[in-house]
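Asker: Supplied in structure tokens, the structure appears directly below.
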Amino acid sequence: MDSFGQRIREQRAKKGLTQNELADLMFVSRKTISNWEVGLRMPDITMLIRLAKCLDVETYELFVPSSQENSPPTVIIVEDEPVLLSGFMHIINEVLPEVQSFGFISGEETLRFAGTTQVDVAFLDIELFGESGIDLARKLMALNPSVNIIFLTGHSEYTASALELHCSGYIMKPLTPEKIKTEIAHLRFPVKGLE
């Protein structure tokens, strides 16, 4: 949330607006803008869209730290079977050579990474050893609301849970280049470099 607040401050400054002026445009109090900028609160989706319009930016730009604007997109894949993870990484690198890709076998190491790095797209196995990919998705979304979650599974019974999270995609294994291309073409949050 701190980087989100920083992005609001940066974009507000670019527009030459004070907190009071932005608050007037948004029909909210100055305290609301201040709370967003210091990371105490997050706007809901309706306010987020209005905020982006008032600042003349795309919504996703409010979540991308300035230092990462020109960085290649970051894609992670979480699969607890090392052999599958290796194969999936190979396919991702073949289909998306322009991205930085990272593979993880556990939710714990994934969250450590996502706590310090902007993740643009996360391919998550739904059934991880001893943990749930659905729960991991919720935690990733709490860290970064604009992450695109694409579930990987051999089981169709998780579709409803995935849809409740408003994920970007749901791939039935095996993972193929064609399936990746299809899901990347329909991301919920646009990713610079993957248009």
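Asker: Percent antiparallel among DSSP beta bridges with both residues in the chain, to the nearest 5?
Answerer: Around 10 percent of the beta bridges assigned by DSSP in the chain are antiparallel ones.
Asker: Select from 96, 128, 48 the residue whose mean-square fluctuation is largest in a Gaussian network model of the chain (Cα-Cα springs shorter than 10 Å).
Answerer: Most flexible of the set in this elastic network: 48.
Asker: Determine the shape class of the stretch 2-67: with a ≥ b ≥ c the square roots of the Cα gyration tensor eigenvalues, call it rounded for a/c under 1.5, and otherwise prolate if a/b is greater than b/c, oblate otherwise.
Answerer: Rounded shape, in that the Cα axes give a/c under 1.5.
Asker: Let me ask another. Can you pull the semi-axes for the stretch 71-184, root of five times each eigenvalue of the Cα gyration tensor, sorted largest first, whole Å?
Answerer: In descending order the semi-axes read 18, 17, 14 Å.
Asker: On to the next question. List every residue whose amide H lies under 5 Å from the amide H of residue 101, counting only residues 5 or more places away in sequence or on a different chain, with H placed 1.01 Å from N in the peptide plane.
Answerer: Counting only residues 5 or more places away or on other chains, the set is 75.
Asker: Just want the ordering: 83, 78, from fewest to most Cβ atoms lying within 10 Å of their own Cβ. Don't jump to the answer; show the numbers that get you there.
Answerer: Details: 83 8, 78 27.
So the ranking, lowest neighbour count to highest, is 83, 78.
Asker: Let me ask something additional. Between 143, 159, 177, whose Cα lies farthest towards the positive end of the dipole of the stretch 126-182 when Lys and Arg beta carbons carry +1 and Asp and Glu beta carbons carry -1, centred on the Cα centre?
Answerer: Of the candidates, 177 comes out farthest on the positive side.
Asker: So what's the back-of-envelope 222 nm ellipticity for the chain, counting only DSSP H runs of four-plus at -39500 (n - 2.57) apiece and dividing by all residues, rounded to 500? Write down the numbers at each step before the final one.
Answerer: Working: 9 runs with 87 residues, N = 195.
Rounded to the nearest 500, it is -13000 deg cm²/dmol.
Asker: Moving on. With Rg/Rh (Cα atoms, Kirkwood Rh) as the read-out, I listed (i) 0.96; (ii) 1.01; (iii) 0.98; which label goes with the value calculated from this structure?
Answerer: Matching entry in (i) 0.96; (ii) 1.01; (iii) 0.98: (ii).
Asker: Relative contact order for the stretch 1-122 using alpha-carbon pairs under 8 Å, separation at least 6, rounded to a whole percent?
Answerer: RCO, the stretch 1-122: 23 percent.
Asker: Give me the percent of DSSP beta bridges within the stretch 100-195 that run antiparallel, rounded to the nearest 5.
Answerer: 20
Asker: Could you tell me which residue out of 51, 5, 25 lies farthest along the dipole of the stretch 2-67 toward its positive end? Charges go on the beta carbon: Lys and Arg +1, Asp and Glu -1, centred on the Cα centre.
Answerer: My answer, from the dipole projection, is 25.
Since every read-out is calculated from the coordinates, none of them should be taken as a lab result. All figures in this text were calculated on a predicted structure; none of them were measured in a lab. So basically every Cβ, Gly included, is an ideal-geometry build from the backbone, and we count neighbours across all protein chains shown.
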